[in-house]
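Remarks on the structure that follows.
FYI, it's all coordinate maths here, none of it is from the lab. Keep in mind that this is a model prediction, so the values were computed, not measured. Please note: Cβ atoms are built from the backbone with ideal geometry, for glycine as well, and neighbour counts cover all protein chains shown.
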Amino acid sequence: MMHFFDTHAHLYDARLIADIDSILQPADNQVDFIVCPSENLETAFQTILLANRYREVYAACGIHPLMVEHITLEEWNELLNKVKNLPKVVALGETGLDYHEKTVDKELQKKWFIRHIEAAIEFNLPLIIHNRKAHGDLLEILKRYKKSLRGIMHGYSGSVELAKELIKLGFYISFSGSITFTNSRRIREVVRQLPLEKILLETDSPFQTPMSRRNEVNTPRNIVYIAEAVAQIKNTSVEQVAKITYQNAQCIYNIIM
């Protein structure tokens, strides 16, 4: 039996939560750990509840860059006060910058991104970062904190060069089911060039369903198809991909069992 670590799954989503007990049942390829990141204040508290209820679930609390208009500084500080002493909160996020939608002011996004960074440093937690079409600003901000910050680039879709810069800054690069898509040549090239020791796997459930399960709602069980794609790209075994990415995730999230 292979063992996997899903580093990013939105288990509170309506498409998953109604059947969550079944989804988390043991399977042939066991998902031992799942990190559930939040997108807003409500889902931050939902992730904490899920982590408290299920042994294999761990929480990450943060505000998605497209949601920062809907939280006050007072609410943010209250959330931080709650999570700082919770052992099953293993990261802050997802946070970051999203310039694709053009619906939220860039300066406001940057302000909240920096708040997440400073809290992560204070609590000695990794960041889970969302980045869409904001590579320059993202890198510039991260370089300001390069000596004290670490984290995960979630659902990576950037260039090889950017990925290598991020690794130098202490980040792991996480890949989802999008690497199985027919138009994923660029992302697959990133996978090919990066060391396996800096790669993580995520389903981003219920989104980014792998091609072989395209008509289904994505769940953490589909992590095996992402591992198979990485193994094919890197000309190694699925077992080796599962083992190394599992160790990588344990390291960045500090989950050792």
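Simple spin-label estimate for Tyr54 and Ser148 gives 3.5 nm between the two label positions (7 Å along the Cα-to-Cβ direction from each Cα). About its Cα centre, the dipole of the stretch 75-156 is roughly 320 debye, where the only charges are +1 on Lys and Arg Cβ and -1 on Asp and Glu Cβ. One chain, two ends: Glu122 and Leu169. Fully extended at 0.36 nm per residue, the span grows by 15.2 nm beyond their Cα-Cα distance. In percent, rounded to a whole number, the relative contact order of the stretch 99-257 is 17, using alpha-carbon pairs under 8 Å and six or more apart. Placing +1 on each Lys and Arg Cβ and -1 on each Asp and Glu Cβ, with no other charges, gives the chain a dipole about its Cα centre of roughly 860 debye. Remark: Cys251, Cys36 ranked as Cys251, Cys36, counting other beta-carbon atoms within 10 Å and listing the fewest first. Just to be sure I understand: with springs between alpha-carbon atoms less than 10 Å apart, which residue in Asn77, Asn222, Asn131 has the highest mean-square fluctuation in the Gaussian network model of the chain? Result: Asn77 has the largest fluctuation of those listed. Distance from the Cα centroid of the stretch 231-257 to that of the stretch 26-95 is 23 Å (rounded to whole angstrom). Neighbour counting of Cβ atoms within 10 Å sorts the residues Leu73, Leu92, fewest neighbours leading, into Leu73, Leu92. Between Ser159 and Ala18, the simple spin-label model (points 7 angstrom out along Cα→Cβ) gives 4.5 nm. So what is log10(I(q)/I(0)) for the stretch 109-257 at q = 0.10, 0.11, 0.17, 0.19 1/Å, when the Debye sum runs over its Cα atoms only? The Debye formula, applied to the Cα set alone, gives -0.34, -0.41, -0.98, -1.19.
Put simply, the amide H of Arg150, placed in the peptide plane, has neighbours under 5 Å in Leu127, leaving out anything fewer than 5 places away on its chain.
In percent, how large is the relative contact order of the stretch 75-178, given Cα pairs closer than 8 Å and 6 or more residues apart?
24 percent
Taking every alpha-carbon pair under 8 Å whose residues sit at least 6 apart, the stretch 1-134 reaches a relative contact order of 21 percent.
Within the chain, helices built from complete DSSP H runs that reach 20 Å or longer along their own axis (Cα positions) and carry a mean Kyte-Doolittle hydropathy of -0.5 or higher are 106-123, 238-253. One chain, two ends: Lys133 and His3. Fully extended at 0.36 nm per residue, the span grows by 43.4 nm beyond their Cα-Cα distance.
Under the convention that each Lys and Arg Cβ holds +1 and each Asp and Glu Cβ holds -1, the size of the dipole of the stretch 121-199 around its Cα centre is about 140 debye.
Placing a pseudo-label 7 Å from each Cα along the Cα-to-Cβ vector at Arg214 and Ile255 gives an inter-label distance of 3.0 nm.
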